[in-house]
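Inspection log for the structure reproduced underneath, given as structure tokens.
The values are calculated or read from the model by the stated rules, or taken from the named source; none is laboratory data. If you're wondering where the values come from, they're calculated on a predicted model, not measured in any experiment. Ideal geometry is used to build each Cβ from the backbone, glycine not excepted, and the neighbour counts take in all protein chains shown.
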């Protein structure tokens, strides 16, 4: 049987579907019975999905864009 | 370009000493992309290709400035899930269970500026190798094979680094979202 510590250690691979069948079944069994681990894994999955939509902080500056446009023109005769 | 620029800058910052150097590396990368576009063979996604150019340039620049990022999880000094170590009993059961969160979806979670800021802080606070892997995998959505390819990393190492990074980022939000959940039960 997996304990809660094992479940948290495997949470990332479980979410990425990287666990072999046996380990996956063990995880599901534990999650079925353990509300806390269920919430933990849900939070981890939620964080991962949120990271994917994280608004970008930095936009290219005008100077960089101008430098690149210049380089682009120079490259294309 | 707009969407990639921030990611490239964040990645570059992992390898070099300061923002100025990172911006130079990114600019240099874009120039390399423009010049090399003709030789892009489409064996990886364009994004992966651009990231690889950036990582090569940032590494060279970092090394010149005396900075080296090691990607072996085994070489890193920290233990496994140190964030959670004291939360279990000797039998591995929860002793300090994480508080339940109110947020159910990414949209809901990202609605709060405080949470978004906390996410950015948590990523910035990660050790360099974990930050690079998390940024490529979870923020940019690259496949694990692509990330191994870009960084020259084994699959196992990559998974360990990614897991450790995710544990920390989740932990950074724990109190914030747990508190909010308690204030507004559903």
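Among the residues of the range B:36-65, write down those that are over 22 Å from residue B:134 (Cα atoms), touching a helix residue (DSSP H, G or I) at 6+ places or on another chain (Cβ under 8 Å) and not in a helix (DSSP H, G or I).
B:40, B:65
For every residue, the table says whether it meets (1) within 10 Å of chain A (Cβ to nearest Cβ); (2) in contact with a helix residue (DSSP H, G or I) (Cβ under 8 Å, 6 or more places away or on another chain); (3) part of a helix (DSSP H, G or I).
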residue	(1), (2), (3)
B:115	yes, yes, yes
B:130	no, yes, yes
B:136	no, yes, yes
B:141	yes, yes, no
B:147	no, yes, yes
B:153	no, yes, no
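Looking at (1) facing another protein chain (nearest Cβ under 7 Å); (2) at pLDDT 85 or above, can you tell me which one residue A:16 breaks?
Just one mismatch for residue A:16, condition (1).
Does residue B:151 satisfy the condition of being closer than 26 Å to residue A:6 by Cα, touching a residue at least 12 places away in the same chain (Cβ under 8 Å), surrounded by 12 or more Cβ atoms within 10 Å (Cβ to Cβ) and not assigned by TED's automatic domain parsing to the domain that holds residue B:51? Full working, then the answer.
Working: closer than 26 Å to residue A:6 by Cα: no; touching a residue at least 12 places away in the same chain (Cβ under 8 Å): yes; surrounded by 12 or more Cβ atoms within 10 Å (Cβ to Cβ): yes; not assigned by TED's automatic domain parsing to the domain that holds residue B:51: yes.
No.
Consider the range B:1-41. How many of its residues are in contact (Cβ under 8 Å) with a residue 60 or more places away in the chain and closer than 16 Å to residue B:63 by Cα?
Step one: list which residues in the range B:1-41 are in contact (Cβ under 8 Å) with a residue 60 or more places away in the chain, which gives B:7, B:10-11, B:14-15.
Imposing the further condition that a residue be closer than 16 Å to residue B:63 by Cα reduces the set to B:11, B:14-15.
Qualifying residue count for the region: 3.
Suppose the filter is in contact with a strand residue (DSSP E or B) (Cβ under 8 Å, 6 or more places away or on another chain) and either in contact (Cβ under 8 Å) with a residue 60 or more places away in the chain or outside any loop (DSSP other than H, G, I, E, B) (or both); does residue A:7 pass it? Talk me through it step by step, then tell me what you get.
Working: in contact with a strand residue (DSSP E or B) (Cβ under 8 Å, 6 or more places away or on another chain): no; either in contact (Cβ under 8 Å) with a residue 60 or more places away in the chain or outside any loop (DSSP other than H, G, I, E, B) (or both): yes.
It is false that residue A:7 is in contact with a strand residue (DSSP E or B) (Cβ under 8 Å, 6 or more places away or on another chain) and either in contact (Cβ under 8 Å) with a residue 60 or more places away in the chain or outside any loop (DSSP other than H, G, I, E, B) (or both).
Does any residue of the range B:58-71 turn out to be modelled with pLDDT of 85 or more and under 23 Å from residue B:143 (Cβ atoms)?
yes
Filter the range B:1-25 for residues that are at the interface with another protein chain (Cβ under 7 Å from one of its Cβ atoms) and part of a loop (DSSP other than H, G, I, E, B) and give the result.
B:1
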